[in-house]
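So the structure is just underneath, and the comments pick up after that.
The values are calculated or read from the model by the stated rules, or taken from the named source; none is laboratory data. It should be emphasised that the depicted structure is a prediction, and the values quoted were computed from it without experimental measurement. Glycine gets a Cβ as well: all are built from the backbone with ideal geometry, and neighbour counts include every protein chain shown. Only protein heavy atoms, including side chains, enter the accessible area calculation; ligands, DNA and RNA are left aside. Shrake-Rupley method; radii C 1.70, N 1.55, O 1.52, S 1.80 Å.
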Amino acid sequence: MAHHTLDEIEALTKKALLNHGAAPFPAAEVARAVRAAEGHGNKICGLYYVESYCLQLGSGRVKGDVTPVVTTPRPAVIHVDAGFGFAQPAFAHGLVPALDAARQYGTATLAVGHAHTCTSLGYFTEQIAQAGCIGIGFTNASPIVAAPGGKSRVIGTNPIAFSVPDGEGGLAMQFDQSTSAVALGKITMAKALGEKIPLGWALDANGNPTTDPDAALQGSLESVGGAKGWGFGLMAEILAAGMTGSVLSQNVKPLKAPQGPPHDLGQYYILIDPDASTEFRARLVALASVAGQDEGARMPGQYRRMAEEVEVSEPTWARLLELANDVP
């Protein structure tokens, strides 16, 4: 393992995306997201995805040169059509009008439709919170989760993210979690490392619990908390697909496959201006105090810090250099 700075990671990622057909703004926005994921130790949403981004740019599975279209069908309802391009630039186009609407009306929604996978959903709700609003986000993914008692893949890992501003440009709280028992990337990483997975993560193709990552990848994942997590996963599915006009998880091919139809996924955000309540700040401070009263206890994400440099495996770094410098 070698250490590399986030500046290096962002610059090379942007160069790789430009080299494979992305326009400057989408390349910059995606590279910024990869930087943040690596800086927070979220390897599954960082450099892990760059190769697939580049291959999918080449095949046309993701459009790297489209301009997202922003519409406002109602005063506090912002829609962005990503045009089968990356989610990051589409969100960037819709964020400012959505924040303006939330500050004016107290609550607003931002629907991003027909987009590539957004990878880290919390990356987006964090931007909402840093701008002073509460951010709640939902998205869906390729089908991998079975209903409790079943074995057929119905929905994706379907993350939910929640970010709360601290009133000073930072975060008082944030969580970003899949509604499945585990993110799919952890299964694929376990397979690559030749490791077993814990019981409760996945089922094999016959619907039986398994500790074999390969059998899990041939089967399905379980919802976190059983039926409770299943309900949250369905909620994310309804909002991400239904409120954005994007497809159901059932119709999404594997996210990292180099070829195939566009992801056509949706991300749905709710923005809330905390200043709509005169008691919000006081209640937040009181809750944080109670939550952190025991040694080692804290609000989720309360002390999260971004590293200045991170470890990157030699094969991953070599592949990034190749993507940035080769002739597609």
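A dipole drawn for the stretch 1-113 from +1 and -1 charges on Cβ atoms has a positive end, and of ALA2, ALA98, GLN56 the residue lying farthest that way is ALA98.
Local charge for ASP204 was computed over the other residues whose Cβ lies under 12 Å away, with Lys and Arg +1 and Asp and Glu -1, and equals -2. Counted residue by residue at 0.36 nm each, then reduced by the alpha carbon distance between them, the extension gain from ASP212 to VAL77 reaches 44.1 nm. Across the protein chains, with a 1.4 Å probe defining accessible surface, the residues HIS79, HIS263, HIS3, HIS114 rank HIS3, HIS79, HIS114, HIS263 from largest area downward. Using the average count of surrounding beta-carbon atoms within 10 Å as a protection proxy, the listed peptides 210-220, 43-53 rank, highest first, as 43-53, 210-220. With both labels modelled 7 Å from their Cα along Cα-to-Cβ, the ARG304 to PHE175 distance reads 1.3 nm. Computed over neighbours whose Cβ is under 14 Å from that of GLY21, the net charge equals +2, Lys and Arg +1, Asp and Glu -1.
Charged side chains reduced to their Cβ positions (Lys and Arg at +1, Asp and Glu at -1) give the stretch 263-328 a dipole of some 360 debye around its Cα centre.
If only the Cβ of Lys and Arg carry +1 and only the Cβ of Asp and Glu carry -1, the dipole of the chain around its Cα centre is close to 720 debye. In the complete set of protein chains, residue-level accessible area for SER120 is approximately 20 Å², probe 1.4 angstrom. Charge dipole (Cα centre; +1 on Lys/Arg Cβ, -1 on Asp/Glu Cβ; no other charges) of the stretch 1-99 amounts to roughly 180 debye. Based on the Cβ-Cβ distance from GLN104 to PHE25, what FRET efficiency comes out when R0 is 25 Å, to the nearest 0.05? E(calc), rounded to 0.05, equals 0.40.
Ranking TYR268, ALA108, ALA241 by how far each Cα lies toward the positive end of the dipole of the chain (charges on Cβ) leaves ALA241 at the top.
With R₀ fixed at 56 Å, the C-beta to C-beta distance from LEU193 to GLU279 puts the FRET efficiency at about 0.70. Where a ≥ b ≥ c are the square roots of the eigenvalues of the C-alpha gyration tensor, would you call the chain rounded, which needs a/c under 1.5, or, failing that, prolate if a/b is larger than b/c, or oblate? In terms of gyration-tensor shape, rounded. With the highest mean first, a sort of the peptides 283-294, 7-18, 250-261 on other beta-carbon atoms found within 10 angstrom per residue produces 7-18, 250-261, 283-294.
Kindly flag which residue pairs out of LYS151/LYS191; LYS14/LYS63; LYS63/LYS191; LYS43/LYS256; LYS15/LYS253 have an alpha-carbon separation exceeding 23 Å in this structure. Where the Cα-Cα span goes over 23 Å, the pairs concerned are LYS63/LYS191; LYS15/LYS253.
Of the peptides 192-205, 130-143, the ranking by mean beta-carbon count within 10 Å, highest at the top, reads 130-143, 192-205.
For the residues LYS191, LYS63, LYS151, a GNM of the chain with alpha-carbon springs under 10 Å puts the largest fluctuation on LYS191.
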